[in-house]
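To start, the structure under review is shown below, and the notes come after it.
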Amino acid sequence: MPTLAIAIVIVFIVGYFFIAFESVTKVNKAAIALLMCVFCWTLLMMGKGAFYPDIAADGLLGHISEIIEHHLGDAAGTLFFLMGAMTIVEIVDSNGGFNFVRDAIKTRSKRKLMWRVAFMTFFLSAILDNLTTSIVMIMVLRKLVKNHSERLIYAALIVIAANSGGAFSPIGDVTTIMLWIKGVITTQGVLTEIFIPSLVSMIVPAFILQYSLKGKFDKSQNLPKAEVTQFTKVQRDIIFWLGVGGLVFVPIFKTLTHLPPFMGILLVLGVLWTVTEIFHHKTAEDDTMAKRVSDLLSRIDLSTIMFFLGILMAVAVLQEIGVLAALGEGLNTVFNGNHYLVTGIIGVLSSIVDNVPLVAGCMGMYPVQPTGDMAVDGIFWQLLAYCAGVGGSMLIIGSAAGVVVMGLEKITFGWYMKKITWIAFVGYLAGIICYWLEKTFIF
C-alpha cells in the first residue's frame, strides 16, 4: 500500500475517533467530518500518480475532478432527500399536525403507556425518521410522565423503538435511505422481510422493561391541548396527512417514475409548501410570518447535513484507493463468507461509532452481485439495513436518536449501559434469529 494511502487511512481513523467521542471533545462532528473529507481528498490529489498509474499526467487533474463530481452527485441525492424530509416534518410539527399523538397515547396505566409509546414510536419512525420521531415522542412524554426516573425508562424505550422502526422502512433511517437510494434494497424487500425482525427487536426489550413500571399515574397528570397555531383542526389535519401521506408516497413515486427519491420528496415539499401558504392568507399577520416555510427552513439542522456530506465524501476516498475492497475481502476470509456474522459485528460496531460511515463503507467494500446473497435485496444488504439500524440501540451514543434523547433527558452513558444495553442486545439477537428463521423456512 502506498505511503499516502496509509496516511489517508490514518486521517480517516483519527477523524472517526473524534467523531465517536464528540461528547468528550465538545467539537461538533460536522466540523471534524468536513476536515476529514478535505484532508483525505487533498492527500489523494498529492499522490495521484501512485493511485492512477495508468492515466497520463496531463489527464490526472481532470480525471480526479470527474471522480469528485461523481461521488458528490451520489451524496447530493441523499442530502437533498434528508433536507426535504426534515423540512416536511418541521412544517407538520410547527402547525400542530402532531397533536393527535398526544391524545392517542394518553392513559393512566404506566405499562399501557409504555406499550403505546413503543408502538407509536415504532411506526412513526418508519414513516418519518428515528431522529425526528424521538424528539416528538420525548416532548409528548414530558407532558405525561413527571417522575424523571420513570421517564428515563420510557426514553430508553423510545430510542430502541425508533431505531427498530427505522430499520424496516426505506425512509426510516439515514442508513436505510442510503442503501435504498443506492439501489441495494427495495421498498417491497425491506417491508416484507425486515418488518417482523424489527418488530421483534422492539417487542422483546419492551416486554422486559415493562416489569420496571407498576401502578398508575395521578389523575392530575393530564395532557394539555395547547393550541400552537391559528389553523383550524381541519387545516391541521390536512397538513398532517399531506406531510405524512406524502412521505409514504415517495417510494411509490420512485417506482412509478423511476426518478431519484429526492425528486419525490421535493414534490411533496412543494405541495405542502403551497397549501400552507394558502392557509396562511387567512391567519393573523404575526402567525403568518412565524409559521411560513421560508421561516421554518432556518430551523433545519444544517450541521447534520454537513456531517453527512463530509463523511460520505471521506468514505468515497477510501473506496477510490481500494481500502474498502481489501477490508471487505478480509472480513469475508476471516468469517468464511458468513453474512450473519459479518453484519452482526457491523451492528455491534454501530453502537460504538456512527452507523453512517459504517454503512457507507460497506457499500464501497461489497459490490452488488446479479444473484446470491449480495444481490439486490440479498441477505447481506437486508441484514446490513437491520443490524446497522437496530444495533445502534445498544449504547446511548450509538444512534442519532440516542444522542438527541441523551441530551433532552440528561441520560448518562453509564446508566444506559448498566440498565438498557443488555436488554437492547437481547432484542437485537432475537431479530437476527427471526430473520434467519424467515430466510430458512419462509422466503
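With every protein chain kept in the model, how would you rank His280, His148 by accessible area, 1.4 Å probe, largest at the top?
The most accessible residue leads, giving His148, His280.
Modelled label-to-label distance, Lys418 and Tyr211, 7 Å Cα→beta-carbon offset: nm?
1.9
Order the peptides 192-202, 74-84 from the highest to the lowest mean number of other Cβ atoms within 10 Å of their residues.
By packing density, highest mean first, the sequence is 192-202, 74-84.
Assign one of three labels to the range 112-211, namely rounded, prolate or oblate, based on the Cα gyration tensor with a ≥ b ≥ c the square roots of its eigenvalues; rounded applies when a/c is under 1.5, prolate when it is not and a/b is larger than b/c, and oblate otherwise.
prolate
At 222 nm, what value in deg cm²/dmol follows for the chain if DSSP H runs of at least 4 each add -39500 (n - 2.57) and the sum is divided by all its residues, to the nearest 500?
-24000 deg cm²/dmol
Sticking with the crude label model, points 7 Å out along Cα→Cβ, report the distance from Thr257 to Ile345 in nm, one decimal please.
Rounded to a tenth, the inter-label distance reads 4.2 nm.
By the scheme Lys and Arg +1, Asp and Glu -1, what is the net charge of all other residues having a beta-carbon under 12 Å from that of Met313?
Computed value for this residue: -3.
State, to one decimal in nm, how far the label point of Trp436 lies from the label point of Asn28, with both points 7 Å from Cα in the Cβ direction.
4.4
Just reorder Ser65, Ser294, Ser350 by solvent-accessible area, largest first, 1.4 Å probe, all chains present.
Descending accessible area places them as Ser294, Ser65, Ser350.
Heavy atoms only, 1.4 Å probe, whole protein assembly: order Ile181, Ile138 by accessible area, highest first.
From most exposed to least exposed: Ile181, Ile138.
Give, rounded to the nearest 20 debye, the magnitude of the charge dipole that the chain has about its Cα centre when Lys and Arg contribute +1 at Cβ and Asp and Glu contribute -1 at Cβ.
2340
Report the residue, chosen from Ile300, Ile19, Ile420, that carries the largest GNM mean-square fluctuation when the chain is represented by alpha-carbon nodes joined by springs under 10 Å.
Fluctuation is largest for Ile300.
List the extent of the Cα atoms of the chain along each of their three principal axes, largest first, rounded to whole Å.
Principal extents (largest minus smallest coordinate, Cα): 74, 51, 45 Å.
Stretch Ser298-Val368 to full length: gain in nm at 0.36 nm per residue minus the Cα-Cα span?
Length gained between Ser298 and Val368: 21.3 nm.
The values are calculated or read from the model by the stated rules, or taken from the named source; none is laboratory data. Because the structure is predicted, anything quoted here is derived from the model rather than measured. Backbone-built Cβ (ideal geometry, glycine too); neighbour counts: all protein chains shown. Heads up: the accessible areas ignore ligands, DNA and RNA and are worked out on the full protein's heavy atoms, side chains in. Shrake-Rupley method; radii C 1.70, N 1.55, O 1.52, S 1.80 Å.
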